[in-house]
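A short write-up of the structure that comes next.
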Amino acid sequence: MLELLTGAGLASSAGLNAYIPLLAAGLLSRFTPLFDLAPSWAWLEHPATLVVLGVLLAVEVLADKVPAVDSVNDVVQTLIRPTSGGITFGAGASSFTTDMDTGDGSWWPIITGAVIALAFHVLKAVSRPVLNTVTAGTGGPVVSVIEDVVSAVTSVLAIVLPILILVVVPATAAVGVWAWRRRRRRKRERGAEAPA
């Protein structure tokens, strides 16, 4: 059960920011006794991997704070965030049990993580343009910081206290669904106000 919560928490975090959960898994495995990556995922804690992930994180954090650029970044991240979700679910789940180690050819943890990350990514990607439009671009950077904090906290909690993922992931999903519904409602209102 804990391996699934850890995997789900890391994958959902990847849907908000692809690199934070990868870095969290690599850094916590390399520098603490809290998290041990299975041998097939040990490359995540290699110094070169951590440096590359740090640079990519800096680029994503900056791009996600600029209105309009954040939407372009979301298009690019449509492949990256699910990939990160698959990797982090597989790495996180296999840290608890060898039954979940994808080194034996089992792909279901990777596919599950990719689907979870894609769901969170889609919620983020469809709500951000609405937020930028409604707030004239001022809300995007604020929400981006909140997303980064949620991604970081979720990543650490998924590794250290995975049972809390039962609260964090549904709450994050609920906020995303609320934002998506709000977008649809605003679109309908604008359509109704348009001159015939």
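The values are calculated or read from the model by the stated rules, or taken from the named source; none is laboratory data. Values in this document were obtained by computation on a predicted structure and should not be read as measured data. All Cβ positions, even for glycine, are placed from backbone atoms using ideal geometry, and neighbour counts span all protein chains on display. Calculation scope for accessible area: heavy atoms of the full protein, side chains included, ligands and nucleic acids excluded. Shrake-Rupley method; radii C 1.70, N 1.55, O 1.52, S 1.80 Å.
What is the extension gain from Val72 to Leu56, computed as 0.36 nm multiplied by their sequence separation minus the C-alpha to C-alpha distance, in nm to one decimal?
Extra length from Val72 to Leu56 when fully extended: 4.2 nm.
Please report the carbon-and-sulfur percent of the accessible area for the range 1-149; probe 1.4 Å, protein heavy atoms only, DNA, RNA and ligands left out.
Here it works out to 78 percent.
Using the Cα centre as the reference, give the magnitude of the dipole from point charges on the C-beta atoms of the chain (Lys, Arg: +1; Asp, Glu: -1; all else neutral), rounded to the nearest 20 debye.
That gives a dipole near 1140 debye.
Per DSSP H run of n ≥ 4, the term is -39500 (n - 2.57); total these for the chain, divide by its residue number, and report the mean residue ellipticity at 222 nm rounded to 500 deg cm²/dmol.
Numbers: 7 runs with 149 residues, N = 196.
Calculated mean residue ellipticity at 222 nm is -26500 deg cm²/dmol.
Which angle between 0 and 90 degrees, to the nearest 10, do you get for helix 19-31 versus the longest principal axis of the chain when only C-alpha atoms count?
Result, in degrees: 20.
Report, in debye and to the nearest 20, how large the dipole of the range 19-121 comes out about its Cα centre when Lys and Arg carry +1 and Asp and Glu carry -1 on their Cβ.
Here the range 19-121 has a charge dipole of around 180 debye.
Could you provide, to the nearest whole Å², the per residue accessible area of the chain with probe 1.4 Å?
So the chain comes to 49 Å² accessible per residue, rounded to a whole number.
Given Cα pairs under 8 Å that are at least 6 residues apart, what percent is the relative contact order of the chain? Working shown, then result.
Details: 310 pairs, mean separation 65.7, N = 196.
Taking the mean separation of contacting Cα pairs over the length of the chain, I get 34 percent.
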